[in-house]
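The values are calculated or read from the model by the stated rules, or taken from the named source; none is laboratory data. Note that the structure is predicted; figures quoted are calculated from it, not measured. With ideal geometry, Cβ positions are generated from the backbone for all residues, glycine too; neighbour counts draw on all protein chains shown.
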Amino acid sequence: MTAHPITAADAGTWTLGDRTVHRIGFGAMRLPQHGEALVPDAAPRDRDQAVRVLRRAVELGVNHIDTAAFYFSSLRCANELINRALAPYPEDLVLVTKVGPGRDPSGHWLPHATPRELRGQVEQNLRQLGRDHLDVVNLRIVGTDPIGERFAALAELRDAGLVRHLGLSNIHPHHLDEARAIAPVACVQNMYGLGASPGQRRLLRTCGESGIAFVPFYAIAGDGRTSGATRPDHEAVHRVARAHGATPAQIRLAWTLHQGAHVLAIPGTGDPAHLAENVAAGALRLTGAELAALDALSA
């Protein structure tokens, strides 16, 4: 009997606004370049390879792609790669982008957008993706300053039909309260993975109690962030990986998905083999004892 091919559907589903997505998605940050992402001198990735990875992701059942206009290298832009690879877009595909930060043409970071400038960033994403509306737009935050004016500006764009749903990225808990007083929040994107702090865990639980999708970034990279995983994995991770015939990276993803039905993963890669491994992680089922051993790494 032929084994069932593993796809993103094996991870289960959750909702982003009024859209249902598989809990394993794809993050486009690493797609435009090799090596560290979001740095001025990153080496561009081969366009055909990037296109193949995107098309293969959709073939494997991925229907949630996270992107941004500021994901680019000297020759490649994630949004335009997505447009080239996938347009006309599958009906079930949900494209999630983010605004707030910006980069100049050389790749250096600019001051964060003002409420007035956010419309231009939304329109830039629309042009690059070839869409007349964006499924979800996250307001990316740096720091602890109030976000009311900026989130209200995005809510106006939602009311105008340019955006369907709003989310938040890289926030503190008070930002969620502030935003929800203005408009519904479909998702929260925050750094989260093995070793998460008590505060990060509380925010994840808060989102679950409110039915808000929680979308971890750097679930594999951890403190390595845009550089990728830079530390060796703990023996407990290797032990669980051996038990499942999996890689440590897959165990990190599986552990993340076990944190709640509302948790969505968006691992990114420009490598087709790594893409297949990431998708397969959604089918891993960890035992209670394994989860306890991995949870202890956060103590």
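When we screen A183, A179 for residues that are at pLDDT 95 or above, touching a Leu at 6+ places or on another chain (Cβ under 9 Å) and buried (at least 20 other Cβ atoms within 10 Å of the Cβ), the only hit is A179. Of the residues making up the stretch 129-154, those that are surrounded by 17 or more Cβ atoms within 10 Å (Cβ to Cβ), part of a helix (DSSP H, G or I) and either out of contact with any helix residue (DSSP H, G or I) (no Cβ under 9 Å at 6 or more places or on another chain) or not aliphatic (A, V, I, L, M) (or both) are R150, F151. Within the span defined as the stretch 121-128, one or more residues are under 25 Å from R23 (Cβ atoms), surrounded by 20 or more Cβ atoms within 10 Å (Cβ to Cβ) and either in contact with a strand residue (DSSP E or B) (Cβ under 6 Å, 6 or more places away or on another chain) or modelled with pLDDT of 95 or more (or both). Per this entry, V62 is counted among residues that are buried (at least 20 other Cβ atoms within 10 Å of the Cβ) and either in contact with a helix residue (DSSP H, G or I) (Cβ under 6 Å, 6 or more places away or on another chain) or in a strand (DSSP E or B) (or both).
Taking every residue in the stretch 251-267 that is closer than 20 Å to R30 by Cα and pairing it with any residue that is buried (at least 23 other Cβ atoms within 10 Å of the Cβ) and acidic (D, E), at least 6 positions away or on another chain, the pairs with Cβ-Cβ distances below 7 Å are I266/D66.
The set of residues in the stretch 81-120 that are buried (at least 16 other Cβ atoms within 10 Å of the Cβ) and either among the hydroxyl-bearing types (S, T, Y) or on the phi > 0 side of the Ramachandran plot (or both) comprises Y89, T97, G100, G107. Within the stretch 65-90, the residues that satisfy the criterion of being of a type in the set (A, V, I, L, M, F, W, C), within 19 Å of the chain's Cα centre (by Cα) and assigned to a loop (DSSP other than H, G, I, E, B) are A68, A69, F70.
Under the condition of being closer than 30 Å to R180 by Cα and of a type in the set (V, I, T), which residue from the stretch 213-243 is modelled with the lowest pLDDT? Out of the qualifying residues, it is T226.
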